[in-house]
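Data first, discussion second: the structure below is written as structure tokens.
Just so it is clear, none of the values below were taken in a lab; they were calculated from the coordinates. Being a predicted model, the structure only gives us computed values, none of them experimental. No Cβ is skipped: glycine too gets one built from the backbone with ideal geometry, and neighbour counts run over all protein chains shown.
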Amino acid sequence: MKRGKNLAQRLTLPQEVVSQGPLAELHGNTSVCIENHGGILEYTDTRVCIAVQRGTLTVSGCGLRILRMTQRRVEIGGTIRCVEVS
């Protein structure tokens, strides 16, 4: 982990990119992209729970839908009200 942190600092990259930790990118209140996820745990039109390293990332809102999903990245669209990590 320390090695990844030092590399991220030298390359001026976010530590999450190097360490494989979750990285959430919010685009207004209409979409969120989560990188380095571990899969979908719960999926409804008001709540999406995603496994991430050391916990769960929960997106709450209305009209939620999975726009794109790969092994590394998931993009959720809809009206986003809350993004929470626990």
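The table that follows gives values for the structure above.
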| quantity | calculated |
| --- | --- |
| Those residues of the stretch 39-58 which are among the charged types (D, E, K, R) and either more than 21 Å from Gly21 (Cα to Cα) or surrounded by 12 or more Cβ atoms within 10 Å (Cβ to Cβ) (or both), in sequence order | Asp45, Arg47 |
| Matching residues, the stretch 59-86, being under 13 Å from Glu25 (Cα atoms), surrounded by 14 or more Cβ atoms within 10 Å (Cβ to Cβ) and under 12 Å from the mean Cα position of the chain (by Cα) | Val59, Arg73, Val74, Glu75, Ile76, Val83 |
| Complete set of residues in the stretch 59-86 that are assigned to a strand (DSSP E or B) and under 13 Å from Leu23 (Cα atoms) | Arg73, Val74, Glu75, Val83, Glu84, Val85 |
| Search result, residues across the stretch 22-41 that are touching a Cys at 6+ places or on another chain (Cβ under 9 Å) and either hydroxyl-bearing (Ser, Thr, Tyr) or closer than 15 Å to Gly77 by Cα (or both) | Ala24, Glu25, Leu26, His27, Ile40 |
